[in-house]
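The values are calculated or read from the model by the stated rules, or taken from the named source; none is laboratory data. Model, not experiment: these values are computed from the prediction. Here the Cβ positions follow ideal geometry from the backbone for every residue, glycine too, while neighbour counts run over all protein chains shown. Just so you know, the surface numbers come from the protein's heavy atoms only, side chains and all, with ligands and any DNA or RNA stripped out. Shrake-Rupley method; radii C 1.70, N 1.55, O 1.52, S 1.80 Å.
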Amino acid sequence: MKTLHLVLKHKWFDMIASGEKMAEYRKMNDYWEKRIWANRFDIEKVVFHRGYTNEICEKYVKSITVDIGRREWGADPMTEYYVIRLEGGDE
């Protein structure tokens, strides 16, 4: 089981921790391709860090796909991302 660690701004961390936001987006570039896309079948859990504090939130991964993100969750319109969908949500 692989665990992915991601640092988030407080706003996005709080939305994920509360269950309001059930997906995290990462831009499609070489860096995220190596970290996320190449390991998409092995990543089972994400540990989200609230900025550079000690506060964390762990969520299990439902799927990792390429898709257009939701604007209210921080995605740019009509832009494709690596989408990490989390367990327990529709998105």
Q.
For a quick size check, give me the Cα extents of the chain along its three principal axes, largest first, whole Å.
A. 31, 28, 25
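So for the chain: antiparallel DSSP bridges make up what percent, rounded to the nearest 5? Let's see the in-between values first.
On the way: 17 of 24 bridges.
Close to 70 percent.
For segment 20-91, which whole percent of the accessible surface, found with a 1.4 angstrom probe, sits on carbon and sulfur atoms?
So the carbon and sulfur contribution to the accessible surface is 45 percent.
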Q. Taking Lys21 as the anchor, which lysines have their alpha carbon closer than 19 Å to its alpha carbon, excluding any fewer than eight residues away along the same chain?
A. Lys9, Lys11, Lys45, Lys59, Lys62
(Q) Taking 0.36 nm per residue of sequence separation and subtracting the Cα-Cα distance, how much length would be gained by fully extending the chain between Val7 and Ile68, in nm to one decimal? (A) 19.8 nm
Q.
Which one, Leu4, Tyr82, Gly69, projects farthest toward the positive side of the charge dipole computed for the chain from Cβ point charges (K/R +1, D/E -1)?
A. Leu4
Q) So what is the calculated 222 nm ellipticity per residue for the chain, using -39500 (n - 2.57) for each DSSP H run with n of 4 or more, over all residues, to the nearest 500 deg cm²/dmol? A) -4500 deg cm²/dmol
Q: Let me know the charge dipole size of the chain about its Cα centre in debye, to the nearest 20, where only the beta-carbon of Lys, Arg (+1) and Asp, Glu (-1) is charged.
A: 200 debye
